Amino acid sequence: MLNRFFRNLARTKEILTQFNTLCKGIELGLEIEHLTARVLKRQIEALERVSAEEKIDRSAALRKVLDIGLREYSRGRAVEEYRAGRMSVGRAAEKAGVSIAEFYRALSSEGVPIKVDMDAIRSALRNEIGERQ
């Protein structure tokens, strides 16, 4: 009987943790949807490690890892678009979801040369100097 009590207590704690996680999402104005996916066993094992290390349930761990992956994906795509000349540094930084300064750091870490439009700089300087005089 005592074993059943502790099993029920553990299950209740798990349910309350999941409910608390859901409520935090609602408090923050986040919409939470259910998603079903097939994943590899090694991915589940890695997710379990993240869950244990962060002391969060598996769903919260999955959301955290997914957010990190999506940020990295967006950053990588923006760097490639900039490298190919299909996007300005400002637009690429916006697509990556970072400031221009942060995007310059990303370009530097990826070894991507920064393109400078001297005509645009001259024009901006002329406009700035002209406005001050």
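Taking the highest mean first, how do the peptides 92-98, 36-42 order by number of other beta carbon atoms within 10 angstrom per residue? Don't skip to the end; give the middle numbers.
On the way: 92-98: 18.7, 36-42: 6.9.
Highest to lowest by the protection proxy: 92-98, 36-42.
How much FRET efficiency would the formula 1/(1 + (r/R0)^6) give for Arg83 and Asn127, where r is the Cβ-Cβ distance and R0 is 25 Å, rounded to 0.05? Let's see the in-between values first.
Numbers: r = 29 Å, r/R0 = 1.16.
Computed FRET efficiency for Arg83 and Asn127 comes out at 0.30.
Could you grab the relative contact order for the range 40-132? Cα pairs under 8 Å, six or more apart, rounded to a whole percent.
Numbers: 48 pairs, mean separation 14.0, N = 93.
In percent, rounded to a whole number, it is 15.
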Legend entry - Longest to shortest principal axis, alpha-carbon extents of the range 50-117, angstrom: 49, 18, 17
Legend entry - Lysine pairs in the range 40-132 with Cα atoms under 24 Å, if 8 or more residues apart or on separate chains: 5
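FYI, it's all coordinate maths here, none of it is from the lab. Every value quoted in this text rests on a predicted model; they were computed, and no experiment measured them. Cβ coordinates were reconstructed from backbone atoms using ideal geometry, including for glycine residues, and neighbour counts include every protein chain displayed.
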